[in-house]
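These notes concern the structure reproduced below.
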Amino acid sequence: MWMLRIDMTDRSYKLEEVAERYQKLGGRGLTSTLIHDEVDPTCHPLGPNNKLVFSAGILSGTPSPSSSRISIGGKSPLTGGIKESNSGAGFAPALARMRVKAVVVEGQPAEKGAYWMVHLTWDGDKPAVEFLPAAEYVGEDLYVSYAKLYERFGKRVHVAGVGKAGELGYRNSGVAFDDMRHKPTRFSGRGGLGAVMASKGLKFVVLNSEGAPGVEYADKELFMQGAKKLRAALGEHALTKPQGALNTYGTCVLVNIINEAGAFPTRNFRTGRFAGAAKISGEAIFENNKQRMGKEIYNHACSPGCVIQCSNTIYAENGEEIVSCVEYESDWALGANCGIDDLDAIAKMVKLCNAYSLDTIETGDAIAVAMDSGLLEFGDAEGAIALIEQMGHGEPLGRILGGGTQATADAFGNPRSPAVKGQGMPAYEPRAIKGIGVTYATSTMGADHTAGYTIAPEIAGSGGKVDPLLADASKADLSRAFQKTTAMLDSTGHCLFISFAILDIPSGFEGMIEELNGMLGTHYTGDEAVAWGGEILKVERAFNEAAGLTPVDDRLPEFMKYEQLPPHDVVADVSDEIMDQVYGEL
Amino acid sequence: MRIQVKLYASLQRYAPEGTAIGQPFAVELPEQSSIAVLIIHLGIRPRETKVAFVDGRARAAIYRLQPGDEVGIFPPVGGG
């Protein structure tokens, strides 16, 4: 295994042995540990001293089901703290097959506005890098650039790239990965890592793993036994099985249940119910497609080896594809949160976000704050689309929104900024689902639903049932347990959506632990693997503390404490003391 | 007693034909019926259901319904 260091100051690279400290790490565990060890926490995120780390999950590149997650890490320009953002993409298994444990992008070219791409290939017995100029792609729609890149390098490559939002240094810019049809639709969206990548003059990483030797196993038999158990659990669970809820309705299947629970943030978090919810639900997407295409259309995989296959496609009246995929978070951010109930308009906005490499969540939050500030009416889909275009074109107003939720609220003097540590909230109201509020407040990542997805027990009834409106200390324990488990899962390369099957089916969890042990030669018990996740959180927390974040940053926005949220008429009432217990007792 | 019911995702097929997504339909049940009784009344196999809400609060299968309650029933759903 290698550590590949890419220095963008002079465009050189070196291959290093993987230090012992990093050998059993991968994905988030590795990106966060490297950032902690090598990046000055006080550095400017877009300056020469930040680094950007790519690492595939530990199980990526193996036959393990749904294990193709790629993590990117760095200091976030959005939160000012550590960031890991992962995506399902063929990039992960390809990198793993080349036995590259991490790609560490360092430095910054002297020439401002000059861009290169890194072409990473397999050279007989080791990976090799060439630096190619990328000026011709600058400022271009990423769909156009990816089509050109696939024309130029062939269909077998995988691409990580940044579009206009990254070039403009937006704090809401993501890094795009290619989907199964070579389009730039899979994103490490959160935290502005696209701007970090672009700040290094790095436009694309084009990866060709042809000829690479593939992954190594410590105990292949144990690994295969574990993978088989996990595959069986995913195939059996009603949520993840073929033609199950995710394969049929996609992640937008959550729209109706979160709305029913009174926790679907609507019109910049003014109420927990959206009258147009059913119209933008996963059920509506399935029905629309059936009507428009004349047949039932089930979802597809975002990345190789995924058995859940939850990515939808939105088709227009005339049968043409508008975009793939509209995730629940994007559907909500650009839909209900902006008071918009027009699926086609939402799909169009998602496509624009992809084309410019904007994070859909942060973009929707920023537009909703602008609506809440009186710039335009809630429900104005045309106006929202125009704002995204202004972001993409770098117009002054677009640049303000490109700065994210908090920057937009600051520019308009609006105290109703639904952000923690500067990061805009995702699609669950923390006043109506207290556990996810604890995760938003305390996560090392800023307001992030994936960091500790307590929605599973609080709403979905997976892994037990917990009252979402209960605001006692048990919510600190619940969020901590989920945050630890997630840090571990984000390191395996598994999609977070295996959680439901491993929470509900004991042999699924057992299988995942066996896979890990088979791969690494470790002897983790389930509890030890979760504790290992806790160690990753400690590393992230230490970075954040050194960067200047304090417990005061582990709080929900003030307006949620005095504004009652209908229909349950609840406020943010988890005490500061309970918030502090999450990391106080880690 | 008369209650209103909404069925989602894979349970939509148990709703009267032509029911739009998220649209409640009326059901007549004996007084004091529980959610479990409602599920059986609708012809749904209990293991197909995962969560039931009454007026926005998740309730257990033994919960006794009141006239006019609005019940939303879901199969296992999730994602994020």
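The values are calculated or read from the model by the stated rules, or taken from the named source; none is laboratory data. Since the model is a prediction, treat every value here as computed from it, not as a measurement. Positions of Cβ are backbone-derived with ideal geometry, glycine not excepted, and every protein chain shown enters the neighbour counts. For accessibility, only protein heavy atoms count, side chains too; no ligands or nucleic acids. Shrake-Rupley method; radii C 1.70, N 1.55, O 1.52, S 1.80 Å.
Beta bridges from DSSP with both residues in region A:2-208: antiparallel share about 75 percent, rounded to the nearest 5.
The dipole here belongs to region A:2-208: it is taken about the Cα centre, uses +1 on the Cβ of Lys and Arg and -1 on the Cβ of Asp and Glu, and is about 580 debye. Measuring r between the beta carbons of B:Met1 and A:Lys465 and using R0 = 22 Å, the FRET efficiency lands at 0.25.
Solvent exposure of the protein assembly as shown, expressed per residue, is 34 Å² of accessible area, with all protein chains present and a 1.4 angstrom probe.
If both residues of a DSSP beta bridge must be in the protein assembly as shown, then about 80% of such bridges are antiparallel.
Specify whether the C-alpha gyration tensor of region A:2-208 places it in the rounded, prolate or oblate class, a ≥ b ≥ c being the square roots of the eigenvalues: rounded for a/c under 1.5, otherwise prolate if a/b is larger than b/c and oblate if not. Cα axes put region A:2-208 in the rounded bin. Between A:Glu577 and A:Val138, the modelled labels are 5.7 nm apart [label points 7 Å from Cα along Cα→Cβ]. As a fraction of the 1.4 Å probe accessible area of chain B, surface on carbon and sulfur atoms comes out at 50 percent.
Think of the protein assembly as shown as having a plus end and a minus end, set by charges on the Cβ of Lys, Arg, Asp and Glu; of A:Gly80, A:Tyr315, A:Ile433, A:Tyr315 sits farthest toward the positive end of this dipole. Only DSSP H runs of four or more residues enter the estimate; each adds -39500 (n - 2.57), and after division by the residues of chain B the mean residue ellipticity at 222 nm equals -2000 deg cm²/dmol. The stretch between A:Arg21 and A:Ala128, if pulled fully straight at 0.36 nm per residue, gains 36.1 nm over its current Cα-Cα span. Bridge orientation summary for region B:2-74: considering DSSP beta bridges with both residues in this region, about 75 percent are antiparallel.
For the peptides A:260-268, A:147-155, the ranking by mean Cβ contacts within 10 Å, running from highest to lowest, is A:260-268, A:147-155. With contacts taken as Cα pairs under 8 Å at a separation of at least 6 residues, chain A carries a relative contact order of 17 percent. Measuring how big the protein assembly as shown is from its alpha-carbon positions, Rg and Dmax come out at 23.5, 79 Å.
When the accessible areas of B alone and A alone are added and the area of the pair subtracted, with a 1.4 Å probe, the result is around 2100 Å², both sides summed.
Over chain A, DSSP H runs of length four or greater, each weighted -39,500 (n - 2.57), average out per residue to a 222 nm ellipticity of -11500 deg cm²/dmol. Here the simple spin-label model places points 7 Å from the Cα toward Cβ, and for A:Thr42 and A:Lys561 these points are separated by 2.9 nm. Were the residues from A:Ser12 through A:Ala275 laid out at 0.36 nm apart, the gain over their Cα-Cα distance would be 89.1 nm.
Near A:Trp122, once Lys and Arg are set to +1 and Asp and Glu to -1 for all other residues with Cβ below 11 Å from its Cβ, the sum equals 0.
In region B:31-80, the residues whose accessible area drops by at least 40 square angstrom when the other protein chains are added to the isolated chain are B:Lys50, B:Val51, B:Phe53, B:Gly56, B:Arg57, B:Phe74, B:Pro76, B:Val77, B:Gly78, B:Gly79, B:Gly80; the probe is 1.4 Å and only protein heavy atoms count. Across chain B, C-alpha contacts under 8 Å between residues 6 or more apart give a mean separation that, scaled by the residue count, equals a relative contact order of 41 percent. Computed on region A:2-208, with alpha-carbon pairs under 8 angstrom and 6+ residues apart, the relative contact order is 23 percent.
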